[in-house]
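These notes concern the structure reproduced below.
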Amino acid sequence: MLAKNEKILKKELKKLKRSGIKNFINGKEVASSSKKTFQTHSPMDGELIANVASGNAKDIDTAAKAATKAFKEWRIVDHRERKNILYKIAANIEKYSEEIAALESYDTGQPIRFTKKAAIRGAANFRYFADKTIDAPNGLSTPDTHHVNFSIKQPIGPVGIITPWNAPFMLSTWKIAPALAAGCTVVHKPAEFSPVTADILCKAATEAGLPLGVWNTVHGMGETAGKSLTEHDSIKAISFVGETTTGSHIMRQGADTLKRVHFELGGKNPVIVFDDANLDRALDAVIFMKYSLNGERCTSSSRLILHESVYDKFVKKLTARVKKIKVGNPLDPKTEVGPLIHPSHQEKVLSYAKLAAQEGAKILAGGTAPKGKLSKGCYVNPTLVEGVTTKMRIGNEEVFGPFLSVMKFKTEAQAIKIANSVRYGLTAYIWTKDTGRAHRMARDVEAGMVWVNSQNVRHLPAPFGGVKYSGIGRDGGEYSFDFYMETKNICVAYDTHAIPKLGA
Ligand code: NAD
């Protein structure tokens with residue numbers, strides 16, 4: 001399997017090296033207006049993957065104009081046609097699934113065991129929202145004595161979608177599919193650390209017959225291309241996934257043009273394990289939710305809050321398992337943790353291990369970069385730290401890597417206090433067999449999403465999003481349409497009501 005993945009990658013890299021990665025505006029691949037490019041390298045070996053168009057305000061303006069023009073038609077396209085096109089995009093994504101998996105692994109360092117699901121999930125996102133196009137405009141009928149009030153929903157306009165480097169393919173489809181289903185047109189700004197698979201998405205859309213200008217992609221830096229997108233007057237809303245501080249910038253940047261924003265931001269999510277839980281299943285879930293996808297996932301449970309009576313036994317088993325996690329080539333199906341996205345991020349994650357020791361916590365596993373042949377990649381050995389407190393920086397800040405902090409609790413109230421002590425509130429995971437307690441904890445923990453006796457299993461109709469500094473708004477199911485659409489009320493008289501007569 002490794003050899004097959006390497007062969008697919010080699011073929012794709014040859015094409016990318018030759019053509020580079022361009023912007024995609026009005027159905028055409030175009031260089032940046034400045035002709036400037038930036039380089040994207042693999043975190044696995046530091047090799048150059050491609051030169052990428054470095055978009056600027058002018059490119060964003062051209063893309064926004066294309067999206068504005070295309071909006072006039074796309075907003076009223078027959079829902080059957082819109083659905084058919086989205087279905088075709090899904091089929092094309094599946095057609096390119098092997099290329100997507102290999103390129104996403106090489107570009108992001110995510111192990112192929114996870115990236116091979118990216119296409120399946122991406123296609124599922126398109127099909128799910130395609131099926132909803134027929135009902136998306138439905139509103140509410142609120143008749144009164146002399147008038148009929150009813151509401152309809154209409155697409156808000158051209159929207160900007162800004163995505164991060166973790167799971168770039170899947171996250172892009174998750175945002176773009178409902179926007180298109182709603183009748184919006186899109187300008188997408190992918191993350192500069194992982195721009196590669198956005199290219200395949202544009203190809204899948206063009207081949208599906210998506211009209212010109214409905215979907216545009218402008219690559220580039222956040223501070224230039226991203227910022228211009230958030231400031232552009234024709235762009236009516238920004239759907240953003242990324243860091244909390246970037247969210248604050250975007251809110252400020254979008255203020256003058258009164259942007260509607262949807263933010264999915266950082267997390268420092270707790271997993272609380274009680275002594276009555278199924279501890280074997282809890283152990284599997286704790287490990288999966290921190291070390292899958294290199295721990296570079298917003299919903300990962302990075303703080304394990306363990307009941308004191310099971311603490312020693314659980315931590316012993318956990319340490320043994322973490323030490324056995326397979327770190328290696330992300331293209332190898334056996335690999336469980338690959339290289340982190342970039343040397344700067346590797347350095348950041350390693351600096352938290354140093355900080356943990358300085359703050360008085362104890363490193364039980366990892367905290368170092370592997371030596372030998374992996375040393376040329378951005379690898380970090382799966383790290384486990386105990387003795388963490390709510391006062392420590394490592395107990396509060398998002399590390400965003402394979403780094404798990406363990407804390408101890410005695411009472412339910414203490415567990416909630418620790419869980420809620422951080423500024424974030426994205427997800428929480430509760431492990432207990434006591435139904436009443438599960439409900440109490442789910443009610444009191446400050447999080448947008450809570451899983452009881454489960455790892456994060458995504459259900460597309462369910463609302464997704466965070467509270468506190470983890471985000472604003474929800475997506476998934478109808479929630480995505482609430483964001484991408486405006487509700488218009490129409491009031492029609494029965495001609496029976498009195499009209500005040502002035503000057504009569
Ligand atoms: P980031 O905020 O650095 O970058 C995200 C995107 O924003 C990139 O495309 C970047 O170019 C762009 N950007 C940067 N500055 C900008 C600006 N001033 N104006 C407009 N755009 C700008 O985030 P990242 O490092 O790429 O991603 C990791 C972060 O994303 C983590 O904090 C993680 O928790 C978060 N995340 C959250 C969710 C969620 O659903 N809550 C999902 C995935 C990732």
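The values are calculated or read from the model by the stated rules, or taken from the named source; none is laboratory data. As the structure is a prediction and not an experimental result, all values here were calculated from the model. Cβ coordinates were reconstructed from backbone atoms using ideal geometry, including for glycine residues, and neighbour counts include every protein chain displayed. Just the protein is used for accessible areas: all its heavy atoms, side chains included, with ligands, DNA and RNA removed. Shrake-Rupley method; radii C 1.70, N 1.55, O 1.52, S 1.80 Å.
The 3J(HN,Hα) values that the Karplus relation (6.51, -1.76, 1.60; θ = phi - 60°) gives for segment 337-350 are, in residue order, 10, x, x, 6, 4, 7, x, 5, 6, 4, 4, 4, 5, 5 Hz. Gly and Pro appear as x. For segment 410-504, the Cα gyration tensor yields ellipsoid semi-axes of 45, 17, 14 Å (square root of five times each eigenvalue, largest first, whole Å). The charge dipole of segment 270-452, taken about the Cα centre with unit charges on the Cβ atoms of Lys, Arg (+1) and Asp, Glu (-1), comes to about 440 debye, rounded to the nearest 20.
Could the peptides 38-45, 287-294 be put in order, highest first, of the mean number of other beta-carbon atoms found within 10 Å of their residues? Walk me through the intermediate numbers first.
Details: 38-45: 19.0, 287-294: 23.6.
Most protected by this proxy first, the peptides run 287-294, 38-45.
Debye-formula intensities of segment 270-452, expressed as log10 I(q)/I(0) at q = 0.16, 0.17, 0.18 Å⁻¹, are -0.93, -1.04, -1.16 (one equal scatterer per alpha-carbon, no solvent).
For His345, the accessible surface of its heavy atoms amounts to roughly 20 Å² (probe 1.4 Å, protein chains only, rounded to the nearest 10).
Applying a 10 Å radius around every beta-carbon, put 453-459, 353-359, 124-130 in order of their mean neighbour count, most first. Don't skip to the end; give the middle numbers.
Numbers: 453-459: 13.6, 353-359: 16.7, 124-130: 23.3.
Order by mean packing, descending: 124-130, 353-359, 453-459.
Using the Cβ-Cβ distance between Asn84 and Ala320 with R0 set to 56 Å, the FRET efficiency works out to roughly 0.60. Taking amide H atoms as placed 1.01 Å from N in the peptide plane, the amide H of Ala50 lies under 5 Å from those of Thr40, each 5 or more residues away in sequence or on another chain.
Counting only protein heavy atoms and using a 1.4 Å probe, the accessible area of Tyr87 comes to about 80 Å². Phi-derived couplings, Karplus 6.51 cos²θ - 1.76 cosθ + 1.60 at θ = phi - 60°, listed residue by residue for segment 24-32: 10, 10, 6, x, 10, 7, 9, 6, 5 Hz, with x used for Gly and Pro.
From the protein chains alone at 1.4 Å, what is the descending order of accessible area for Glu296, Glu73, largest first? Provide the component values of the computation, followed by the final result.
Details: Glu296 0, Glu73 130 Å².
Correct descending sequence by accessible area is Glu73, Glu296.
In terms of accessible area, using a 1.4 Å probe and ignoring ligands and nucleic acids, Ser19, Ser301, Ser97 rank largest first as Ser19, Ser97, Ser301. Note on Lys376/Glu397: beta-carbon distance plugged into 1/(1 + (r/R0)^6) with R0 of 41 Å gives a FRET efficiency of 0.90. In this structure the amide hydrogen of Leu364, modeled in the peptide plane, comes within under 5 Å of the amide hydrogens of Leu384, Val385, Glu386, none closer than 5 places in sequence on its chain. Spin-label pair Lys488-Asp434: with each label point 7 Å from Cα along the Cα-Cβ axis, the two points sit 5.5 nm from one another.
Neighbours of Ala31 by Cβ distance under 15 Å: Lys/Arg scored +1, Asp/Glu scored -1, total +3.
Local charge sum around Pro43 (other residues, Cβ-Cβ under 11 Å, Lys/Arg +1, Asp/Glu -1)? Intermediate results must be reported in sequence, preceding the final value.
Working: positive: Lys376; negative: Asp45, Glu47, Asp107, Glu296.
After counting each charged neighbour, the total is -3.
Straight Cα distances below 18 angstrom link Lys468 to the lysines Lys268, Lys417, with same-chain residues fewer than 8 positions distant left out.
On a 0 to 90 degree scale, rounded to 10, what angle separates helix 97-108 from the longest Cα axis of the chain? Taking the Cα atoms of the chain, the angle to 97-108 is about 60 degrees.
Which value results when the Cα radius of gyration for segment 85-195 is divided by 2.2 N^0.38 Å? Present the calculation step by step, with values, prior to reporting the outcome.
Values: Rg = 17.8 Å, N = 111, 2.2 N^0.38 = 13.2 Å.
It is 1.35.
Coupling constants for segment 198-214 follow from the phi torsions by the Karplus curve (6.51 cos²θ - 1.76 cosθ + 1.60, θ = phi - 60°), and in residue order they are 4, 4, 5, 4, 4, 4, 4, 6, 4, 5, 7, x, 5, x, 4, x, 5 Hz; glycine and proline get x. Angle of helix 435-444 to the longest C-alpha principal axis of the chain, folded into 0 to 90 degrees and rounded to 10: 70°. Diffusion coefficient of segment 174-256 by Stokes-Einstein, Kirkwood radius over Cα pairs, 20 °C, 1.002 mPa s: 157 µm²/s.
Modelled this way, with points 7 Å down the Cα-to-C-beta line, the labels at Lys35 and Arg458 are 4.1 nm from one another. For Ala428, nonlocal amide neighbours, meaning residues 5 or more places apart or on other chains whose placed amide H falls under 5 Å from its own, are Met449, Val450, Trp451. Highest average first, the peptides 6-16, 219-229 ordered by how many other beta carbon atoms sit within 10 Å of their residues are 219-229, 6-16.
Against the chain, whose longest principal axis comes from its Cα atoms, helix 311-323 is set at around 80 degrees. Here is the tail figure for the chain: Cα pairs spaced more than 44 Å apart come to 18 percent of all pairs.
Working note: 222 nm ellipticity from helices only, DSSP H runs with n ≥ 4, each -39,500 (n - 2.57), summed and divided by the residues of the chain, gives -12000 deg cm²/dmol to the nearest 500.
For segment 393-421, backbone nitrogen atoms closer than 20 Å to the point 7 Å from Gln358 Cα along Cα-to-C-beta are found at 393-406.
What net charge do the residues around Asp284 carry, taking every other residue with its C-beta under 12 Å from that of Asp284, with Lys and Arg at +1 and Asp and Glu at -1? With Lys, Arg at +1 and Asp, Glu at -1, the net is +3.
Shown is the FRET efficiency for Met251 and Asp495, computed with R0 = 56 Å from the Cβ-Cβ distance and rounded to the nearest 0.05: 0.75. With all protein chains in place and ligands, DNA and RNA left out, the 1.4 Å accessible area ranks Cys298, Cys184 as Cys298, Cys184, largest first. A simple spin-label model places pseudo-atoms 7 Å from Cα toward Cβ; at Ala442 and Asn278 they are separated by 1.6 nm.
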